[in-house]
Amino acid sequence: MVEGIFKELKTELLNGYSKKGHPFRYFTLATSDETNAPQQRTVVLRKITPKLELLFYTDKRSSKVQQLLKNDAVSALFYHPKQLLQLKVDGKAEIVNDEKIIASLWSEIPLKSKKDYTTQNAPGSLIQNPDEVDYLNEENHFCIVQIIPRQIEYLQLKSPNHLRVLFKEENGQWKGSFLVP
């Protein structure tokens, strides 16, 4: 039964980036700031590797990148409202530095979306008017973050009993244990 649940959660995560409109496309990412206070924001799931590593894109000047450089522990929360399914992925984040991977993924981004990574000022900078954001022509601040999962908690709300399973990665294998919901 646990193997079937793991297969289902893997399929849902894969659908999150491959199927437009899937609820797992957008997820909540939690990091810690310099005072160790939790910080949350919504990011877009861009890819999943065969090892279930989750990739998202950001501006390398963003506060989340600075936080990850100081503390790579992260938590990602996914929720599917129609299935009443929640997945919580805990792991560590790494900034992807491989220039070939960066160039390849940058080339896949639609032109209109590339401007998100070309603002003259860093994300979170104060501005007078939202219509007066300046963009760079040749330079970009595109950054890929990869989350390496260490554990995934599955919670399915259903009748007569909710179902909760904790999966932990051990030596390249995922092992599941049922939990009290």
Rounded to the nearest 500, what is the chain's calculated 222 nm mean residue ellipticity when only DSSP H runs of at least 4 contribute -39500 (n - 2.57) each, over all residues?
-6500 deg cm²/dmol
Phi to ³J(HN,Hα) by Karplus 6.51 cos²θ - 1.76 cosθ + 1.60 over the stretch 145-152, Hz, x for Gly, Pro
10, 10, 9, 9, x, 10, 8, 10
Using a 1.4 Å probe on the protein chains only, how many percent of the accessible area of the chain belongs to carbon and sulfur?
49
Translational diffusion coefficient (Stokes-Einstein; Kirkwood radius from C-alpha pairs) of the chain at 25 °C, 0.890 mPa s, in µm²/s:
138
Compute the Kirkwood hydrodynamic radius of the stretch 1-58, taking the inverse of the mean of 1/r over all pairs of distinct Cα atoms, and give it in Å to one decimal.
12.7
When the convex hull of the C-alpha atoms of the stretch 1-106 is computed, what volume per residue in Å³ does it have?
117
Mean accessible area per residue over the chain (1.4 angstrom probe, all protein chains present, square angstrom) is 61
In the stretch 79-181, lysine pairs closer than 27 Å at Cα, eight or more apart or cross-chain
15
Ordering 74-82, 33-41, 146-154, 163-171 by per-residue average of other C-beta atoms within 10 angstrom, highest first, gives 146-154, 74-82, 163-171, 33-41
What is the dipole size for the chain, taken about its Cα centre, with +1 at each Lys and Arg Cβ and -1 at each Asp and Glu Cβ, in debye to the nearest 20?
760
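The values are calculated or read from the model by the stated rules, or taken from the named source; none is laboratory data. Please read these numbers as outputs of a predicted model, since none were measured by experiment. Here Cβ is always computed from backbone atoms with ideal geometry, including for glycine, and neighbour counts include all displayed protein chains. Quick note on the areas: whole protein, heavy atoms, side chains included, nothing else; ligands and nucleic acids left out. Shrake-Rupley method; radii C 1.70, N 1.55, O 1.52, S 1.80 Å.
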